[in-house]
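S.K.: Please read through the structure below; I'll follow up with questions.
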Amino acid sequence: MDNKTRNKIYNEAVRIGEELLSLVKRDKKGMSWETMTIDNTKEREDPEYIIWRNGESIYSGNAGIVLFFLELYKQTRNDNYLEAAVEGMRWVVHYCRENPSDNYAFFTGRMGVSYALLKMHELTHDSHYLERALDIAEPCELFLQNTNTVDDLINGTSGTLLGLLQLHAATGEAWLLEKADLFLQRLVDRSHRGPEGLYWDFSSNNIRGLCSFSHGAAGIGFVFLEAGRYLQNEALYHIAEEAFCYERFFFNEENKNWPDFRKSIWVPKDYEEHTAAYIEGNTAFFTQPGFMNAWCHGAAGIGLSRLRAYEVVKKDVYAQEAKIALYKTEETDIIPDTEQNDIKKYQRSFTLCHGCCGNAEIFLEAYRAFMDESYLALAEKVALQALEVKKNKQRYMSGFVTVNGQEDTSLFMGNAGIGYFFLKLLEPFKVPSVLLPKIESSEDTKRAVANGSILKATPVDIRKRIVQRTFRRTNLLVEKLASCQAADYFERHGSNGVSEEQSYMNFVKQELIPSLSDIEQELVADILTLECEKYRIEQNIISSSLLNIKTIIQTERTVNLLKGLGDQDILQLNLAIEPDVRILLTGWDWNPNRKSGCVDNLNIEKDVYTVLLKADADVKVLEDHLSSFSYAVLVAFQKNSLVPDAVQAVISNFEPASTEQEKSIQQAVVEQVRQAILAGFLIENSENMLKFREDLKKVKI
């Protein structure tokens, strides 16, 4: 980079700093800035779509602006910028004290505040910043208690884990590792098996588990890489590599990119589109992903995780994937200087989250990893394009791509982040990557790792924990009946090219069951069949968003169907068992809510029990244990669609001794039918969706 270009970039970073100082609000609490956010429930044209507010986070709050001023001070030595960082951090700490929160996400919650305090301590060596960082992080377990907490890097528990380990690297406080182990346990236990590899955050807002850095498998994989490296535990690398394996399966060669599986309902227009697609039988709408390229979703962010993976585990596959991501980012973000490209160039955002400066982070990290100056030159081109857009448009577009021309102030969605990128471009080896926040530690800061379920886990422990997520009851029984064989399996058996779950199924079926007594064989086969069927249903879910809209529409239809219906009206209905419902008969009661537990079945005689399984958009598979009467009612609809015929079938099964008993059974059947409709187990018998379901069966993963 020549001096003229360096000066232009430096001066623009300073200009952004001065502009932010002109917008600051000062009070007795410190210095603060209002940042932009949006109301996702409103359309862009709505005047209330844009909201300006004060907040604490790195992503869109004051802690992020503090990080920018810290780096600006380091390069300018202008005391005004240090004051902005100090007073901004004072405001953030005061805000956190006055506004308790259970959100301990790294980028959008309180753990990011602790990270910013660590950075303040690194610069000032003032110990009170470390004390405040620990104070703010201490209640982080509250995050685990919130039922809405996700596990992704930007908003979830994996980011919390990363922050806890960063704090431990700085302080050596033992309680941080104890809490880190809780978050590690959750992340391992909440992983989901994909067609290959692992993913997290199964959600009705997505087609399937996301491939991305901020919200998907790449970001969580990165956290496990950092945890494995810091804790010197290579078993954690297994989880990271499983996450990357999941994304590798879905890599799209044609687009040279990883898919964006989001398909959510936020505003009425989304609901209308989903409903229309479902009614029309439009399978592609629910199964075909989109593609974008940004830090948050797409090649630029995923490539960062692969660069780090290559550094840590030294496997060529990660260098290859990183170079694919670099190629894609060069293709999308380096726009040649032609008249035809001017319009495209000036409509772009340069923010960190999903703008060109955030994308260019992969060029800076590649320059550092490969020491290839061509990547630094690409990052420089992005900076020059940003300066050109600013000169011609007199503004930077915010990350919210607002139509009113307002610039945002925040780190990830506004000008502070653009300034941060300029500073990192000037000093790529000195300015820490806020987009790839690695755990920085030297040997003398490391402490002995405390005991914990995952902290000192072996590869065997990790494999066993993953298997137990799917086959918990089977494994409990197997360990009770054949503990040595079970232990030997996890010690000696590899996956042999199939998933851990499939390998375990094969072991139980082919090796363990034949070694047991007859009754023990029946017991193990009984629960294995149930858990295998649940696993099969999970693997056959091709779109959570489809399940979601299907549930919504069926619920609406159910409400309308049952509105004001008496028993005689229900007798006029034509119903069918919901096609996605699977009814199993087991020989023992495997209800997971039994107080005595499933192992107690060893002392119970064989009988007949009924389990209903149904794919679900939020919990993957609902497992409902039915009474014999509920089972009889549902089975009646396997051969009968008219309610009176089903009623008669049930009555004939119970052979009533009197007319009164027959009336009583009929009334009970009608009530059971009503409840089954409400639960979504029985639906109106309609041929309209048959083609849609047949088309779905043909969709390939």
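S.K.: For a quick check of your reading of the filter: which GluC sites (Glu not before Pro) in the stretch 150-252 sit in a DSSP loop and have no more than 16 other Cβ atoms within 10 Å?
M.R.: GLU196, GLU234
S.K.: Turning to a different aspect of this structure: Mind checking which aspartates and glutamates have their C-alpha under 15 Å from LYS25, skipping anything on the same chain fewer than 8 residues away?
M.R.: Partners found: GLU34, GLU56, GLU83, GLU87.
S.K.: Continuing with the same structure: Relative contact order, percent, of the stretch 407-541 when contacts are C-alpha pairs under 8 Å separated by at least 6 residues?
M.R.: 16 percent
S.K.: In degrees between 0 and 90, to the nearest 10, how far off the longest principal axis of the chain does helix 361-370 point, with axes built from Cα atoms?
M.R.: 80 degrees
S.K.: Take the alpha carbon gyration tensor of the stretch 1-49, find the square roots of its eigenvalues, order them as a ≥ b ≥ c, and report rounded if a/c is under 1.5; if not, report prolate when a/b exceeds b/c, else oblate.
M.R.: Oblate, because a/c is 1.5 or more while a/b does not exceed b/c.
S.K.: With a 10 Å radius around each residue's Cβ, average the other Cβ atoms per peptide and rank 510-516, 465-471, 90-96, highest first.
M.R.: 90-96, 465-471, 510-516
S.K.: Also, quick follow-up: Provide the per-residue ³J(HN,Hα) series for the stretch 106-117, in order, calculated from phi with Karplus coefficients 6.51, -1.76, 1.60 and θ = phi - 60°, each as a whole number of Hz, with x at glycine and proline positions.
M.R.: Here the 3J(HN,Hα) series is 6, 7, 10, x, 6, 5, x, 5, 4, 4, 4, 5 Hz.
S.K.: Which of the aspartates and glutamates could a cross-linker bridge to LYS42, judged by Cα under 15 Å and excluding same-chain residues fewer than eight apart?
M.R.: The qualifying aspartates and glutamates are ASP270, GLU272.
S.K.: Taking amide H positions as placed in the peptide plane 1.01 Å from N, state which residues far from SER398 in sequence (5 or more) or on other chains have amide H under 5 Å from it.
M.R.: The answer is ASP408.
S.K.: Taking H as built 1.01 Å from N, whose amide H comes closer than 5 Å to the amide H of LEU682, not counting residues under 5 places away?
M.R.: Here GLU578, ILE677 satisfy the definition.
S.K.: Another question about this same structure. Under the rule a/c < 1.5 gives rounded, and otherwise a/b versus b/c splits prolate from oblate, where does the stretch 377-425 land using the Cα gyration tensor?
M.R.: Cα axes put the stretch 377-425 in the oblate bin.
S.K.: Another question about this same structure. Please report the projected area of the stretch 6-147's Cα convex hull averaged over all directions, in nm².
M.R.: 10.5 nm²
S.K.: Any chance you could give the angle, 0 to 90 degrees and rounded to 10, that helix 628-639 forms with the longest Cα principal axis of the chain?
M.R.: With rounding to tens, the tilt is 90 degrees.
S.K.: Run the dipole for the stretch 147-254 about the Cα centre, Lys and Arg Cβ at +1, Asp and Glu Cβ at -1, nothing else charged, and hand back the magnitude in debye, nearest 20.
M.R.: For this selection, approximately 200 debye.
S.K.: Please list 3J(HN,Hα) in residue order for the stretch 75-81, calculated via the Karplus relation 6.51 cos²θ - 1.76 cosθ + 1.60 where θ = phi - 60°; whole Hz, with x for glycine and proline.
M.R.: Calculated HN-Hα couplings, in order: 8, 10, 6, 8, 4, 5, 6 Hz.
S.K.: Can you list the lysines whose alpha carbon sits under 23 Å from that of LYS480, skipping same-chain ones fewer than 8 residues off?
M.R.: LYS464, LYS509, LYS534, LYS595, LYS606
S.K.: Using square roots of five times the C-alpha gyration tensor eigenvalues, list the equivalent-ellipsoid semi-axes of the stretch 458-509 in whole Å, biggest first.
M.R.: 15, 12, 11
S.K.: Another question, if that's okay. Defining a contact as two alpha carbons under 8 Å apart and six or more residues distant in sequence, what relative contact order in percent does the chain show?
M.R.: Relative contact order, the chain: 12 percent.
S.K.: Here is a follow-up. Among [x] 35.4; [y] 32.9; [z] 44.5, find the value of mean projected area of the Cα convex hull in nm² that was calculated from the structure presented, and write down its label.
M.R.: Computed from these coordinates, mean projected area of the Cα convex hull in nm² corresponds to label [x].
S.K.: Output ³J(HN,Hα) for the stretch 205-216: one whole-Hz value per residue in order, computed from phi by the Karplus curve 6.51 cos²θ - 1.76 cosθ + 1.60 with θ = phi - 60°, and x for Gly and Pro.
M.R.: So the Karplus estimates, Gly and Pro as x, are 8, 10, 5, 8, x, 7, 9, 5, 7, 6, 10, x Hz.
Every read-out reported here was derived from the displayed coordinates using simple, explicitly stated rules and does not represent laboratory data. This one's a predicted model, so the numbers in the text were calculated from it and none came from an experiment. Here Cβ is always computed from backbone atoms with ideal geometry, including for glycine, and neighbour counts include all displayed protein chains.
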